[in-house]
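First the structure, in the form of structure tokens, and then the observations on it.
The values are calculated or read from the model by the stated rules, or taken from the named source; none is laboratory data. Note that the structure is a prediction, hence the values are computed from the model and not measured. For the accessible areas, the whole protein counts, side chains as well, though only heavy atoms, and no ligand, DNA or RNA atoms are used. Shrake-Rupley method; radii C 1.70, N 1.55, O 1.52, S 1.80 Å.
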Amino acid sequence: EQVPDAHVEMLIARGVSVIFAGPEGDQLEDALIRIGEAFGVSRLLLEGGGRMNGAFLAADLIDETSTLIYPVVDGQSGVASIYDHDGPIAARRLELISSETLATGTVWLRHRVLPRADALAPQ
């Protein structure tokens, strides 16, 4: 809700639906409920950056991940991670659903995100 009105109006003029997640952007579950009601959807693909992904993970709103590992190493520091969150966040155990090596050598991993109680349980 801190987005400038001019930007919101530009999006609406282009036919983009706008749903707010509260004054601080942390009411993600409420926003998802409104999206579901407005568009009749029950499953969404999140293609955010590390901060967006981290916010959804901290809010316990991710049930599955899809990660592509491209075969290159750069050694850079200070580069955003897949999940980046400023506050405390509980570790989450992942359960492998599938893995595939693509023609480019890229590895595609799909994981189910297990409930928080399972995060530290031995496997």
Taking all protein chains in place and a 1.4 Å probe, what share, in percent, of the accessible surface of the chain do carbon and sulfur account for?
54 percent
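How large is the accessible surface per residue of the chain, computed with a 1.4 Å probe and reported in Å² as a whole number? Could the numbers behind the result be given before it?
Numbers: 9250 Å² over 123 residues.
I get 75 Å² per residue for this part.
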Report the extension gain between Arg116 and Asp5 in nm, rounded to one decimal, defined as 0.36 nm multiplied by the number of residues separating them, less their alpha carbon distance.
36.2 nm
Once both axes come from the Cα atoms, what is the angle between helix 28-39 and the longest principal axis of the chain, in degrees from 0 to 90, rounded to 10?
70 degrees
Please give the per residue volume of the convex hull enclosing the alpha carbon atoms of segment 1-109, rounded to a whole number of Å³.
176 Å³
